[in-house]
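A.B. asks: My questions all concern the structure below.
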């Protein structure tokens, strides 16, 4: 498959989807929903679990640092799993890895529901993350197998829209589950949900990577060789930087916005939940634009336009702050909704470009893309955390700088693609 940026935009009709064998595949909404649900297992488990952390701490009499391990360790496991487990999908196929990932998530959730202590709960959460990482990569690899050329960006945007709908309501669902049966009910819900997904994959999802196209068997180093092969392809590291820089604006905002609500705007922290919905809805709108007009406009336009829009949103927020506006809407509309609209245009498109460049090792490609997002997110969160939390300026400058770097890499694309 040639790089997506070399394919001319298709202006009419819908391109057929093919597997690696050349067999035409009928796309259906049910399959996309199933794959999106498998992809969102990790983020959903985290968002459902976070409201239960105080109750977990109280039940086990743990310190804040100890209970935070049930959050931080799974994040590390997820990030590493995206890279280390990605090659498995290129070696053994997408379907077995997807089934294995969901099954491991079930085991972790069941262990978490029965955990007698905090240590075992942390181990259970790590197992959840490893399973969800494998499910994430396998699902995305299936989408890449079935989405030729520029159709991949539309497919990624479509999946992201479905995931955002789920993530928007996850904290409220977590509160409901906790009120019903305590924090263990959250883990039990994970078991039930994953069992449904496991049955759906077993019954409805067929293999999309033919044996002839799979990586050759070998040792552990041979298993990681596809990752190295992808990394050394011209321009791939730059694409990872673009993906990571774009994504980093979202967690950077989430990490500091609750503090800004109290220290910069004098509002109770509970109000953050009401304004939070602007972020996923902005990204949702950007994804919807990609689905509606992406094939007509093409990647050559979507990435710089989306990034520029996000940068202008940062500048607008800076202007409002400089004018002395101290209301949450002055932050959440430009730096929340509008910035995420721009990310919704650019992020799925540059992700699709990166994965297309990694073909046929798309499992490794998706793993590296996900890892780049996690690493750059951690860097951005640490950077904004170094400064005072009573001013939005560090956040705005960090996000603005990230967008400028993405545009600089895009302007120099002719050089690094020919390297």
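The values are calculated or read from the model by the stated rules, or taken from the named source; none is laboratory data. Quick caveat: nothing in here was measured; it's all calculated off a predicted structure. Here Cβ is always computed from backbone atoms with ideal geometry, including for glycine, and neighbour counts include all displayed protein chains.
A.B. asks: Any residue at all in segment 345-359 that is in the same structural domain as residue 235 (by TED's automatic domain parsing) and outside any helix (DSSP H, G or I)? Spell out how you get there, then give the answer.
C.D. replies: Filtering segment 345-359 for residues in the same structural domain as residue 235 (by TED's automatic domain parsing) gives 345-359.
Right, trim to outside any helix (DSSP H, G or I) and you get 359.
For segment 345-359, residues in the same structural domain as residue 235 (by TED's automatic domain parsing) and outside any helix (DSSP H, G or I): present.
A.B. asks: Which is under 20 Å from residue 102 (Cβ atoms), part of a helix (DSSP H, G or I) and without any contact (Cβ under 8 Å) to a residue 12 or more places away in the chain, of 195, 173, 127, 203?
C.D. replies: Every option except 203 fails the conditions.
A.B. asks: If you go through segment 82-133, how many residues are within 21 Å of the chain's Cα centre (by Cα) and at positive phi?
C.D. replies: Total meeting the criteria: 0.
A.B. asks: I need the full set of residues from segment 292-309 which are crowded, with 19+ Cβ neighbours inside 10 Å and more than 21 Å from the chain's Cα centre (by Cα), in order please.
C.D. replies: 295, 298
A.B. asks: Got a sec? Which of 400, 363 is assigned to a helix (DSSP H, G or I) and under 17 Å from residue 240 (Cα atoms)?
C.D. replies: Checking each option against the conditions leaves just 363.
A.B. asks: Can you say whether residue 104 is part of a helix (DSSP H, G or I) and at pLDDT 95 or above, as far as the supplied structure shows?
C.D. replies: yes
A.B. asks: Next question. Assess whether residue 64 counts as being modelled with pLDDT under 80 and in contact with a strand residue (DSSP E or B) (Cβ under 9 Å, 6 or more places away or on another chain).
C.D. replies: Details: modelled with pLDDT under 80: yes; in contact with a strand residue (DSSP E or B) (Cβ under 9 Å, 6 or more places away or on another chain): no.
Considered against the rule, which asks whether it is modelled with pLDDT under 80 and in contact with a strand residue (DSSP E or B) (Cβ under 9 Å, 6 or more places away or on another chain), residue 64 comes out as no.
Residues checked against (1) closer than 17 Å to residue 370 by Cα; (2) buried (at least 21 other Cβ atoms within 10 Å of the Cβ):
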| site | (1), (2) |
| --- | --- |
| 54 | no, no |
| 59 | no, no |
| 62 | no, no |
| 66 | no, no |
| 70 | no, yes |
| 74 | yes, yes |
| 78 | yes, yes |
| 82 | yes, yes |
| 86 | yes, yes |
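A.B. asks: Among the numbered criteria (1) surrounded by fewer than 24 Cβ atoms within 10 Å (Cβ to Cβ); (2) more than 17 Å from residue 395 (Cα to Cα), which one does residue 333 miss?
C.D. replies: Of (1) surrounded by fewer than 24 Cβ atoms within 10 Å (Cβ to Cβ); (2) more than 17 Å from residue 395 (Cα to Cα), only one is false for residue 333: (2).
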